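Beneath this line is the structure, given in C-alpha cells, with notes to follow.
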Amino acid sequence: MLKAIILIGGPQKGTRFRPLSFEVPKPLFPVAGVPMLQHHIEACAQVPDMKEIILIGFYQPNDELNRFISSAQQELKIPIRYLQEFAALGTGGGIYHFRDQILSGGPAAFFIMNADVCSEFPLQEMLRFHRQHGENHCGVLLGTTANRTQSLNYGCIVENHETNEVLHFVEKPSTFVSDIINCGIYLFTQDIFGHIGTVFQRNQQERIQEELTNGKQMPEVIRLEQDIFTTLAGQKKLFVYKTQHFWSQIKSAGSAIYASRLYLKQYHQAHPERLATNQDGTPKIIGMLHEEVDLKALGPNVSIGKGVTIGGGVRVRESIVLHGASLFQDHCCVLNSIVGWDSTVGKWARVEGTPSDPNPNDPYAKIDSETLFRDGGLTPSITILGCNVNIPSEVIIRNSIVLPHKDLNRSFQNQIIL
C-alpha cells in the first residue's frame, strides 16, 4: 500500500505570481489548461496500489479548493483530502505534524511532492529504484542535472556513482558542489519520521532555552532539505534517482508559461484529447483549447480557457488566456503574457512580455529564478493582466503587471499598475 503527500504551502507576499493568486490559491492556477495540482494527482493515481492522496498546506479551506478536490476524486477514483497546518511548519514539519494521518493503514512507503514543480513525475520508476536498493534505506530523492552556475540556486546532491547513495547534500551552496540538483519529489519509508522526530526534539529543547533566555519564541519549522537530508547524507539512508525527463520549478508567472509549454508537448502522448485539432480551412493550432472557445487564430504554445472569445486577425502565442477573457476586438496581439479571468483586450492593442526561458543551447539549463526588481526597476518578464482588466484599443502594455479590476486608458511599459 502506498500514499502520496503533496505540499501546497500557503499564501505568499511579494512574488511575481501574486496578481494571479488573488483569485485562486497558486496550486490551483491553470497550467496547460488544468490546475497545477492536477498534474501531480494524475501521476499519483497511475501508481499501482496508491490508496490515498493527502494535500498539506496552510491555506484556509475555501470553495475553490473543495470543488477541486471533489472533482479530482470523482474523475480519478482515488481518495483525496486536505490537512491544514496551523502555521507554516516547513517541508518536514508539516508531514511530521500529520504523521499519524499519513501512517494510518500502514503504508509501505509514501511519496512527498512539492506543488510548485512541473515534471513528467517518474513515480513508478522511483518505486522500482527504491525496491532495487533493499530495505535498509529510508528515502529516494528525485534528481536532475543542471549547469554549474544554476546549480547554486538549488539543493545539490553528491552521489556515489556506483550505488547512487547520497553522500553529501547542500541547500543552495555558495560555491559549486554538484551538478545534480534536488527536484523536490521524494519517496520515503516510515523510518523517515524517526529522523524527523530527533530533529523535532532537539528543536524543542532549543526553543525552550531561547524562550527562557531571551523571551522569544522560535518558529516550529523543520525543513527536509536543511535539517534532514544534510544529516542523513553519507549514512546509506538516502539514494538519488536521476531523471532524464523534463523538470522545472514554477515560482513565477513566467515559469508558469514555460511549464505550460512542457505539459502541452507531453499531451501529444499522454492526453491528446486535451489538445485542439486542426481542420481544413481554419488556422493552424498548436496548444490547448477549451471546447467552448470561439476560435479565430492561435498558437503556438497557447492555453485557452472556457468561454474565451477571439476576434478576427487576433494573434496569440506563448500565452495563457484564462476563462471568460475577451480578445474579441479585431487584430489585437497577445505575446508571452497571461490574460486574467474576464479581462478584455481591445482592437489593435498589444499585450507583450519578455520570455524567461532557459538557454536553448544548454541542455542542462533551467529557468532562472526571477527577482521582481532589478537595478531600480521592474525586471522585464511576461506581462500579467489580473482578473477583470480592460485594455482599450490601440495601446501597448509591455513587461508589466496589472492588478485586478483596472480600466487602463494609455500604454504602459515595465510598470506595476496598482
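The values are calculated or read from the model by the stated rules, or taken from the named source; none is laboratory data. Just so you know, these numbers come straight off a predicted model, no measurement behind them. Methodologically, a virtual Cβ is constructed for each residue, glycine included, from the backbone with ideal geometry; neighbour enumeration extends over all protein chains shown. All accessible areas refer to the heavy atoms of the entire protein, side chains included, with ligands and DNA or RNA removed. Shrake-Rupley method; radii C 1.70, N 1.55, O 1.52, S 1.80 Å.
Brief remarks follow.
- In segment 91-134, residue nearest to G57 (Cα to Cα) [restricted to those that are among the hydrophobic types (A, V, I, L, M, F, W, C) and under 17 Å from the mean Cα position of the chain (by Cα)]: A115
- Of the residues making up segment 333-371, those that are touching a helix residue (DSSP H, G or I) at 6+ places or on another chain (Cβ under 8 Å) and among the charged types (D, E, K, R) number 4.
- Residue within segment 380-391 that is open to solvent by 70 Å² or more (accessible area, probe 1.4 Å) and either modelled with pLDDT under 90 or closer than 21 Å to S260 by Cβ (or both) present: no
- Some residue of segment 136-156 being of a type in the set (D, E, K, R), over 17 Å from I53 (Cβ atoms) and out of contact with any helix residue (DSSP H, G or I) (no Cβ under 8 Å at 6 or more places or on another chain): yes
- Residue within segment 357-365 that is more than 20 Å from F29 (Cα to Cα), at pLDDT 90 or above and touching a Leu at 6+ places or on another chain (Cβ under 8 Å) present: no
- Among residues that are touching a residue at least 40 places away in the same chain (Cβ under 8 Å) and outside any loop (DSSP other than H, G, I, E, B), I69 is not included.
- From the options N147, N182, residue that is assigned to a strand (DSSP E or B), touching a residue at least 12 places away in the same chain (Cβ under 8 Å) and not hydrophobic (A, V, I, L, M, F, W, C): N182
- Residue match in segment 198-214 (condition: surrounded by fewer than 20 Cβ atoms within 10 Å (Cβ to Cβ), in contact (Cβ under 8 Å) with a residue 12 or more places away in the chain and within 25 Å of D116 (Cα to Cα)): no
Rundown of residues vs (1) surrounded by 13 or more Cβ atoms within 10 Å (Cβ to Cβ); (2) outside the structural domain of E171 (by the TED database); (3) touching a strand residue (DSSP E or B) at 6+ places or on another chain (Cβ under 8 Å); (4) among the β-branched types (V, I, T), yes/no style:
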site: Q73; (1), (2), (3), (4): yes, no, yes, no
site: K77; (1), (2), (3), (4): no, no, no, no
site: A88; (1), (2), (3), (4): yes, no, yes, no
site: T91; (1), (2), (3), (4): yes, no, yes, yes
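- Among the residues making up segment 163-185, those that are charged (D, E, K, R) and in contact with a Gly (Cβ under 9 Å, 6 or more places away or on another chain) are E165, E171, K172.
- Selection of segment 224-281 for residues being farther than 16 Å from I157 by Cα, in a loop (DSSP other than H, G, I, E, B), open to solvent by less than 30 Å² (accessible area, probe 1.4 Å) and out of contact with any Lys or Arg (no Cβ under 7 Å at 6 or more places or on another chain) yields I250, A276.
- Of all the listed residues (S369, S326), the sole one being modelled with pLDDT under 90, under 17 Å from V302 (Cβ atoms) and among the polar types (S, T, N, Q) is S326.
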